[in-house]
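Read the figures in this text as sums done on the coordinates, not as results from a lab. Treat the numbers as computed from the prediction; the structure is a model and nothing was measured. Don't worry about glycine lacking a Cβ; one is built from the backbone with ideal geometry, like all the others, and counts go over all protein chains shown.
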Amino acid sequence: MSKMKGAIVVNTDRCKGCQLCVVACPKDVIALAQKKVNIHGYPYVEPARAELCIGCTACAMVCRMVV
Ligand code: SF4
Ligand code: SF4
């Protein structure tokens, strides 16, 4: 049985790489993608430790690019 309690999706094409969501996450789920940029040339974040997500929505509250 899966222990995953939540999951996020990052709209990478709209992410600005500001990392507000990284700071807001209490479980250290989100990280800046290494050496990658989106179609606008911005670095973007990804759910690097997705299995730790508890679905608290703190990341979504600071940015609408994460749901
Ligand atoms: S998803 Fe939003 S809060 Fe997170 S780095 Fe991108 S723009 Fe910033
Ligand atoms: S929902 Fe909560 S635990 Fe999951 S990535 Fe967002 S801030 Fe972190």
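Condition check ((1) in contact with a helix residue (DSSP H, G or I) (Cβ under 6 Å, 6 or more places away or on another chain); (2) of a type in the set (Ser, Thr, Tyr); (3) surrounded by fewer than 15 Cβ atoms within 10 Å (Cβ to Cβ)) across all residues:
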position	(1), (2), (3)
Lys5	no, no, yes
Cys15	no, no, no
Gln19	no, no, no
Cys25	yes, no, no
- Quickly run through segment 1-49 and pick out the residues that are more than 9 Å from ligand 1 (Cβ to nearest atom), of a type in the set (Ser, Thr, Tyr) and within 18 Å of Ala60 (Cα to Cα). none
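Provide a single number: the residues in segment 58-67 that are assigned to a loop (DSSP other than H, G, I, E, B), exposed (fewer than 14 other Cβ atoms within 10 Å of the Cβ) and among the aliphatic types (A, V, I, L, M).
First pass over segment 58-67, keeping only residues assigned to a loop (DSSP other than H, G, I, E, B): 63-65, 67.
Next cut, exposed (fewer than 14 other Cβ atoms within 10 Å of the Cβ) only: 64, 67.
If we keep only those that are among the aliphatic types (A, V, I, L, M) too, we end up with 67.
Residues in segment 58-67 being assigned to a loop (DSSP other than H, G, I, E, B), exposed (fewer than 14 other Cβ atoms within 10 Å of the Cβ) and among the aliphatic types (A, V, I, L, M): 1 in total.
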- Query: Taking segment 39-57, which residues are over 13 Å from Cys18 (Cα atoms), surrounded by 16 or more Cβ atoms within 10 Å (Cβ to Cβ) and free of Cβ contacts under 8 Å to residues at least 40 places away in the same chain?
  - Reply: Leu52
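Any chance segment 25-41 includes a residue that's in a loop (DSSP other than H, G, I, E, B), more than 10 Å from ligand 2 (Cβ to nearest atom) and aliphatic (A, V, I, L, M)? Please lay out each step first, then the result.
The initial filter retains those residues of segment 25-41 that are in a loop (DSSP other than H, G, I, E, B), namely 25-29, 38-41.
Then keep just the ones that are more than 10 Å from ligand 2 (Cβ to nearest atom); that gives 38-41.
The next check asks that each one be aliphatic (A, V, I, L, M); those that pass are 39.
Yes, segment 25-41 contains at least one residue that is in a loop (DSSP other than H, G, I, E, B), more than 10 Å from ligand 2 (Cβ to nearest atom) and aliphatic (A, V, I, L, M).
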